[in-house]
Amino acid sequence: MKIDTYSHIPFDLAGDTAARHRNNGLPESAQKFYAATMHHKIFKQGMEALEATHSMSGLEGGGMIVEGDPGLGKTTLLNTYVSRVYKRPSAQPTEELTPLPVLIIRIPGRPTIPRVIEKLLEVGEHIKPYARSSGTLDMRLNRMIVEQRVEMIVFDEYHHLLKRDRYTGDTLNFMKILCDEHRLATVCSGLLDGRDVLDGHPELRERLSFDHVLFQPFDMTTRASAIEFGQYMRGIAKALDEAGVNCCPINDKDMLLRILLATQGKPRFINKLFMRLILRLKDGRPITRTFMEQMYPDVPFNAHLGNFNPFSASYDKVEARYEDYLKSLEDEAKRLKGKTRG
């Protein structure tokens, strides 16, 4: 999944590399594949949830949570939504005003109130970091929100507030009061552990209860989940074709399970797998299962399988290994749950 870009966004989106890939010597086929957009069910639900939450700006209680493990599409979802907001006619700059309908920041590793304010001011291109020469930071932030019509703030990687330092509670309270005072829509995005951040802050948890989006890896444990994964892979196949890359069928049951096991069902790893394949192609040769078999041992995300190669093993062995992999995930989830209770 890649994000839409638009030149009128007055700040750089976190994780936006869309412009960068045009200037780094990638072959045209890789550039086209990288720039393609492959959405899936949760991504579409997330876009709808962000739109609905944004519409709550100006009212009380408009907030939501986006959560999931790394590599599943959270940041891509946020950046895509923000870039689309800035395409709207109402968001275009004029001689008198540069609107800032949505601000998106990553919660810093040491999330004190001044650092969060500085991030918000910096992303709005109001000050450089630590430039505090005129007026207080909070006065500048309040002025920016009012004068540049901020409607929604997205706090990405909010799980950084899990740290038990004394200032994290103050920062959480500041975030809530800021959004309440200006009646801003609020989005917190991060790892599943971020739920623990809200345990001691019921008021903030209630503010974020308007909607909820949970990103999970693809799987084939049910017919519905298998269909969803198949639809995503059809998007991959289409992107390869439009990039001029010939590829063996990747959407039958055999290849779906092999790719699912190879990538842990994570969109980030799926995209990286095919980017690596494209970059290693020579003389217009097609991507074949044999080529995948040869390349897979070198990918950096295969540690979960050890020496097992899902592209060379028989389907029965791949199926058995996938069942073992699912069992290991269940065992780990139980272990972490027990550790948390303890």
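The values are calculated or read from the model by the stated rules, or taken from the named source; none is laboratory data. Just so you know, these numbers come straight off a predicted model, no measurement behind them. Cβ: placed from backbone, ideal geometry, glycine included. Neighbour counts: every protein chain shown. Heavy atoms of the whole protein, side chains included, go into the accessibility calculation; ligands, DNA and RNA do not. Shrake-Rupley method; radii C 1.70, N 1.55, O 1.52, S 1.80 Å.
Key figures for this structure:
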| item | result |
| --- | --- |
| Nearest 10 degrees, 0 to 90: helix 253-263 Cα axis against the chain principal axis | 50 degrees |
| Inter-centroid distance (Cα atoms) of segment 48-73 relative to segment 208-274, Å | 24 Å |
| Helix 166-182 vs. the chain, principal-axis angle (Cα, 0 to 90°, nearest 10) | 70 degrees |
| Rel. contact order, % - alpha carbon contacts under 8 angstrom, at least six apart, segment 144-291 | 18 percent |
| Percent accessible area from carbon and sulfur atoms, the chain, protein chains only, probe 1.4 Å | 48 percent |
| For the chain, size of Cβ-based charge dipole, Lys and Arg +1, Asp and Glu -1, in debye | 680 debye |
| Asn246-Leu192 pseudo-label distance in nm [points 7 Å out on the Cα-to-Cβ vector] | 4.3 nm |
| Chain lengthening between Gln45 and Glu206 when straightened (0.36 nm per residue, less Cα-Cα) | 55.9 nm |
| Karplus-derived HN-Hα couplings along segment 298-311 (A = 6.51, B = -1.76, C = 1.60, θ = phi - 60°), whole Hz, x at Gly and Pro | 9, 6, x, 10, 10, 4, 5, 10, x, 8, 6, 10, x, 9 |
| Contact order normalised by residue count of the chain, Cα under 8 Å, 6+ apart, percent | 22 percent |
| Using θ = phi - 60° and Karplus 6.51 cos²θ - 1.76 cosθ + 1.60, couplings along segment 273-286 (whole Hz; Gly, Pro as x) | 4, 6, 5, 5, 4, 4, 5, 9, 5, 10, 6, x, 5, x |
| Per residue value of the accessible surface for the chain (all protein chains in place, 1.4 Å probe), Å² | 51 Å² |
| For segment 228-342: rounded, prolate or oblate by the Cα gyration tensor [a/c cutoff 1.5] | prolate |
| Which labelled figure in (1) 19.6; (2) 24.7; (3) 17.5 is mean projected area of the Cα convex hull in nm², once derived from the coordinates | (1) |
| Helix axis angle, 137-147 relative to the chain longest principal axis, alpha carbon, degrees | 80 degrees |
| CD proxy at 222 nm, helix term only [per DSSP H run n ≥ 4: -39500 (n - 2.57); per residue of the chain; nearest 500] | -14500 deg cm²/dmol |
| Förster-model FRET efficiency, 22 Å R0, Val146 and Leu59, C-beta, rounded to 0.05 | 0.80 |
| Distant-in-sequence amide H partners of Ile104 (H built 1.01 Å from N, under 5 Å) | Val154 |
